[in-house]
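Q: Please find one structure pasted underneath; my questions will follow.
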Amino acid sequence: MGFSLVFSVLRIINFSYGSIFMLGAFVGLTVLGLVGKSFLAAFLAVVVVLGFVGVLVERLVVRPLREKGAPPFLALVSTLGASIFLQAAAEVIWGAEVRGYPILFPQQFYTVAGARISFTEVVTLLFAIGLMVGLQAYVKWGKMGKAMRAVAQDTQAAALMGVNVNQVITFVFAVGSAMGAAGGLLTGTYYGYAQPAMGFMVGLKGFIAAIVGGMGSVAGAGLGGFLIGMTEALGGAYISFDYKEVILFSVLLLVLLIRPSGILGHSIREKV
Amino acid sequence: MLDIRDLHVGYGSIKAVEGISLKVAAGEIVVLLGSNGAGKSTTLKTVSGLLTPSRGEIWFQDERIDGLPPHRVTGRHIIHCPEGRRVFPEMTVTENLEMGAYVERRRSVVKERMALVFDLFPRLKERASQPAGTMSGGEQQMLALGRALMGGPRLLLLDEPSLGLAPALVESIFASIGDISTADKTMGILLAEQNAAEALEIGDRGYVMETGRLTISGTAEELRRDETVQRAYLGAAVAG
Amino acid sequence: MRSSTGKIIAMALIAVFAFSLVLSGCAKPKEEVILGLIAPLTGSKADQGRQFKEGAEAAVKVINEEGGILGHPVRLEIIDDEGRPENAANAASRLAAMDGVIAVVGPSSTASVSAAAPILQDAGLILWSPAASTGSLVTENQLVYIIANPISVYAKYMPAYAQETLGATKVAIINVSDDWGRNVTNAQLEILDDYGLEAVEVTSYTQGDREFRSQITAMMAENPDVLFLNCHYTEGALITKQTRDLGYDVPILVQATCVYPQFLEIAGEQGEGVVSFDSYPPSDSAIRQEKTAWWKETFGYADFETYHINSYDIVMMYKYAFEEVGNFDDVEAVAEVIGNISGFQGILVERTHDENRLPASDVFYPIVVRDGAWVSLETGQ
Ligand SMILES: Nc1ncnc2c1ncn2[C@@H]1O[C@H](COP(=O)(O)OP(=O)(O)OP(=O)(O)O)[C@@H](O)[C@H]1O
Ligand SMILES: [Mg+2]
């Protein structure tokens, strides 16, 4: 999601996203330890703190490259560096081991059409959907959202409309990071853990989701994420859980072979 | 209102504009003639802040504006309608027009301006919810002009609005530009063109630019009668 | 004259002879013998190595106070292998080249034992690891022993408990897909029948996986009465947590690999009631507490843990075996005595070897998570 947002606006692949996701889980855990079991407090803190970290990443490792006119793929390298740095920092602060999450929601269960659903699942799912729909709506109708799309489609023309391009890009990083971090918090709540290494696979999967769904399409990234989840769960259940990653990457390869621009993507134009 | 003084602009070591000075007053249409690579676009981009000059000054309404970032220049209602239209292809016509009024906070003003634009280009109204990228070149140029008008320009910078359009369309676009100018006598227009015949038709004054320098200047009438201009631009235009 | 001279010489000879008899027979102490100890004193397993050392030192102290082994005082030659197999092999070579070494305690892991065993075997030295638990080390090497229960022994704990205490009939097993996880699961599957159990679902995961909800859902669809988790502590804790989060209160049994504080920290409230198994009376049992107090008082060590116990008993059983045989030279005979050990009273439990010379025991001690701590199931109830 956040991944695709940043890509769509800047045509750069932001690899720090995975680490920001992980930091979301840890900052959430720490806040929960400080203020007690308030999901909302943790959510707000995570969004604010990691939104700010996202801005720092943009200012420190992305903008200098952009201002020097470096090719966008270099940002892939520099954000990967930032990602590794953030993960190492997390290991220093929280240790490299898995940390358990407290129980945040009442342990209640419902049976819907024969499947059991827990309250936690309902809340995390609704929250995730809410965030996704909210982001999508904002990008579609919000003023800043429109500016983002304008910058994405034609940066110079957007500047001529009076869009402060740097501000929009900073904002994109802030929102993208806040979304990613919220994802980390939700994952921590849902699976009950946080670990510095947890971001790596997520970063990679976010990248895949964005590719599978179609680069630069927020809806596509959502769809891609859903397909990844399904592939893993079904591949795991029907073939082997040991090979779920192998299956996932095979599907990625297949999609790229059949539709290089992703399922909802249109071909990426080189901008003049 | 616009006063360019001894402007020099380059791309790295390439010098594109080498010491030009020109003025645009409120209510006039000033034509900047020049063939490919003369430096017209570079000049306009420098005024709108996309490029920073290496030397010289740009003044707008007694304020120095060179070196300001583009969004600050746009904030002063200097609206640059770029070469090649540059509409936002995945946005609808309405969204494109809304982007044109990005700095305008008052919704009522945005509405008024959009109504004016739709009056000027009824075609855009028909296509209001169509993605801009799927429209024809002429429609896109109308949209680009309309979008520029949405910013409530005091100074309008038009870069080759006739580029790539069929002659009939060219005529109607220039007619619209003339209308825009007549409608608002406080607005200045700087029009960069290769199509000298049509441009000088609506223009009040003009300059001829060659490899980064201004070689000839005068009223539209004087330029039309100038031999060099006739040979280099009008002749070519007629023959073409 | 001649006869008196002869007498004097004769008497002098007798005196010298007698004196030398006195010297050799009474006053001169027997020479010291050496027990080699290869332990991970530094590195990630330093805590284990410290226990090896402290346990062995305590036993040697007791032995020397009681007159040594076959009257020979015992000295420990301690070598740090940092827990690395190549260092264990080096240590083995050094001990093999040293005079007076009678046997070796250590090293720690299966890999280190595999590296050291051939070298010591060539030198005619017995190796006895206080920590390795791989049965094939013993069955494949004439002079190797282990003291930790091998998989064949502890694979019985869960099925036995599931049948006797839980009255379960259907089990679901999830294991880490490494050698250990697969071996434990296979050993369990082989004996499930004996305990009237049926495996309704067996699934595995890759070490490092964190998200098990779909596997748990698949397992629980088979309605097992109990879950066996053949996992390391991180994944064990997460599987427990996610099972509870999904609303299943099925009994969960975990291997001793989960009996760590980290398991409790990660599993949190949802870890309550999880059962595991100890081969020794747990630290809150009366017998263990009594022995712990004695241990501290006698030797001054602050704690009394698994590898203290193992190391101590190994040294004591070496003494027993050498004294049974009566010399230090007949290694084969000593090995045979050790292989046949039965009902040897160790510091905390009796030691018996089965027909494969492996530790044999049907006794185990269930422990449970209660109020965020591992406690004896008996005393905790
Ligand atoms: N981005 C750039 N980098 C380097 N040189 C450039 C760049 N843009 C323009 N130039 C050079 O600057 C000079 C002036 O170009 P400019 O685009 O201003 O000309 P123009 O008068 O607008 O021409 P046209 O009629 O083709 O639009 C040309 O020689 C051109 O090659
Ligand atoms: Mg140009």
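Q: So which of C:Ser276, C:Ser204 ends up being open to solvent by less than 10 Å² (accessible area, probe 1.4 Å), among the hydroxyl-bearing types (Ser, Thr, Tyr) and not in a helix (DSSP H, G or I)?
A: Answer to the check: C:Ser276.
Q: Sticking with this one: Do you know which residues across region B:152-184 are assigned to a helix (DSSP H, G or I) and hydrophobic (A, V, I, L, M, F, W, C)?
A: Once the filter is applied, which keeps residues that are assigned to a helix (DSSP H, G or I) and hydrophobic (A, V, I, L, M, F, W, C), region B:152-184 yields B:Ala168, B:Leu169, B:Val170, B:Ile173, B:Phe174, B:Ala175, B:Ile177, B:Ile180, B:Ala183.
Q: How many residues are in contact (Cβ under 8 Å) with a residue 24 or more places away in the chain, open to solvent by 40 Å² or more (accessible area, probe 1.4 Å) and not in a strand (DSSP E or B) when one looks only at region B:6-36?
A: 4
Q: Which of the residues belonging to region B:57-97 are acidic (Asp, Glu), away from ligand 1 (no atom under 16 Å from the Cβ) and over 19 Å from A:Val168 (Cα atoms)?
A: Selection gives B:Glu57, B:Asp62, B:Glu63, B:Asp66.
Q: Among the residues of region B:16-51, write down those that are over 24 Å from A:Ala159 (Cβ atoms) and more than 15 Å from ligand 2 (Cβ to nearest atom).
A: Of everything in region B:16-51, those that are over 24 Å from A:Ala159 (Cβ atoms) and more than 15 Å from ligand 2 (Cβ to nearest atom) turn out to be B:Glu18, B:Gly19, B:Ser21, B:Lys23, B:Ala25, B:Ala26, B:Gly27, B:Glu28, B:Ile29.
Q: Still on this structure, please answer the following. Look at A:Leu80 and say whether it is away from chain C (no Cβ under 14 Å), within 19 Å of the chain's Cα centre (by Cα) and touching a residue at least 24 places away in the same chain (Cβ under 8 Å).
A: It is true that A:Leu80 is away from chain C (no Cβ under 14 Å), within 19 Å of the chain's Cα centre (by Cα) and touching a residue at least 24 places away in the same chain (Cβ under 8 Å).
Q: Okay, moving on. Among the residues of region B:208-223, write down those that are within 19 Å of B:Val24 (Cβ to Cβ) and open to solvent by 40 Å² or more (accessible area, probe 1.4 Å).
A: The answer is B:Arg213, B:Leu214, B:Thr215, B:Ser217, B:Thr219, B:Glu221, B:Glu222.
Q: Continuing with the same structure: Taking the options C:Ser114, C:Ser129, C:Ser93, C:Ser108, name whichever one is over 20 Å from C:Ala335 (Cβ atoms), of a type outside the set (Phe, Trp, Tyr) and crowded, with 17+ Cβ neighbours inside 10 Å.
A: Going through C:Ser114, C:Ser129, C:Ser93, C:Ser108 in turn, the sole match is C:Ser108.
Q: Being farther than 23 Å from C:Trp180 by Cα, within 11 Å of chain A (Cβ to nearest Cβ) and open to solvent by 40 Å² or more (accessible area, probe 1.4 Å) is the filter here; which residues of region C:253-273 pass it?
A: C:Glu265, C:Glu269, listed by residue number.
Q: Next question, about the same structure. Assigned to a helix (DSSP H, G or I), open to solvent by 80 Å² or more (accessible area, probe 1.4 Å) and touching a residue at least 40 places away in the same chain (Cβ under 8 Å) - does that describe any residue in region A:91-105?
A: yes
Condition check ((1) without any contact (Cβ under 8 Å) to a residue 24 or more places away in the chain; (2) of a type outside the set (A, V, I, L, M)) across all residues:
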| position | (1), (2) |
| --- | --- |
| A:Glu121 | no, yes |
| A:Trp141 | yes, yes |
| A:Thr155 | no, yes |
| A:Leu160 | yes, no |
| A:Ala174 | no, no |
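Q: When only residues in region C:219-237 that are open to solvent by 40 Å² or more (accessible area, probe 1.4 Å) and at negative phi count, which is farthest from the other protein chains (Cβ to nearest Cβ)?
A: My answer is C:Asp225.
Q: Okay, moving on. Can you tell me which of B:Leu149, B:Leu116 is touching a residue at least 24 places away in the same chain (Cβ under 8 Å), surrounded by fewer than 19 Cβ atoms within 10 Å (Cβ to Cβ), of a type in the set (A, V, I, L, M, F, W, C) and more than 16 Å from ligand 1 (Cβ to nearest atom)?
A: B:Leu116
Q: Of the residues B:Val87, B:Val103, which single one is open to solvent by 50 Å² or more (accessible area, probe 1.4 Å) and within 11 Å of another protein chain (Cβ to nearest Cβ)?
A: Every option except B:Val103 fails the conditions.
Q: Being of a type outside the set (Ser, Thr, Tyr) and either open to solvent by less than 30 Å² (accessible area, probe 1.4 Å) or in contact (Cβ under 8 Å) with a residue 60 or more places away in the chain (or both) is the requirement here; does A:Ala150 meet it?
A: So A:Ala150 fits the description; yes.
Q: Give the residues of region C:192-201 that are crowded, with 16+ Cβ neighbours inside 10 Å and in a helix (DSSP H, G or I), sorted by residue number.
A: Scanning region C:192-201 gives C:Leu192, C:Tyr195.
Q: Among the residues of region A:123-142, what is the count of those that are farther than 20 Å from B:Pro89 by Cβ and either acidic (Asp, Glu) or surrounded by fewer than 13 Cβ atoms within 10 Å (Cβ to Cβ) (or both)?
A: Count: 6.
Q: In region B:1-56, what residues are within 24 Å of B:Leu200 (Cα to Cα), basic (Lys, Arg), more than 7 Å from ligand 1 (Cβ to nearest atom) and away from chain A (no Cβ under 14 Å)?
A: If the condition is that a residue be within 24 Å of B:Leu200 (Cα to Cα), basic (Lys, Arg), more than 7 Å from ligand 1 (Cβ to nearest atom) and away from chain A (no Cβ under 14 Å), then B:Arg5, B:Lys23 are the ones that fit.
Q: State which residue is farthest from B:Val93 (Cα to Cα) when the search covers only region B:119-131 and only residues that are open to solvent by less than 30 Å² (accessible area, probe 1.4 Å) and under 20 Å from the mean Cα position of the chain (by Cα).
A: My answer is B:Phe121.
Q: Same structure, new question: Out of C:Val113, C:Val138, I need the residue that is in the same structural domain as C:Asn340 (by TED's automatic domain parsing), closer than 19 Å to C:Ala56 by Cβ and in a helix (DSSP H, G or I). Which one?
A: Sole residue among the options that is in the same structural domain as C:Asn340 (by TED's automatic domain parsing), closer than 19 Å to C:Ala56 by Cβ and in a helix (DSSP H, G or I): C:Val113.
Q: Could you list, in sequence order, all residues of region C:242-252 that are within 13 Å of another protein chain (Cβ to nearest Cβ) and crowded, with 20+ Cβ neighbours inside 10 Å?
A: If the condition is that a residue be within 13 Å of another protein chain (Cβ to nearest Cβ) and crowded, with 20+ Cβ neighbours inside 10 Å, then C:Gln242, C:Thr243, C:Arg244, C:Asp245 are the ones that fit.
The values are calculated or read from the model by the stated rules, or taken from the named source; none is laboratory data. Nothing here was measured: the structure is a model prediction, and the numbers come from that model. Please note: Cβ atoms are built from the backbone with ideal geometry, for glycine as well, and neighbour counts cover all protein chains shown. Please note that ligands, DNA and RNA were not included when accessible areas were found on the heavy atoms of the full protein model with its side chains. Shrake-Rupley method; radii C 1.70, N 1.55, O 1.52, S 1.80 Å.
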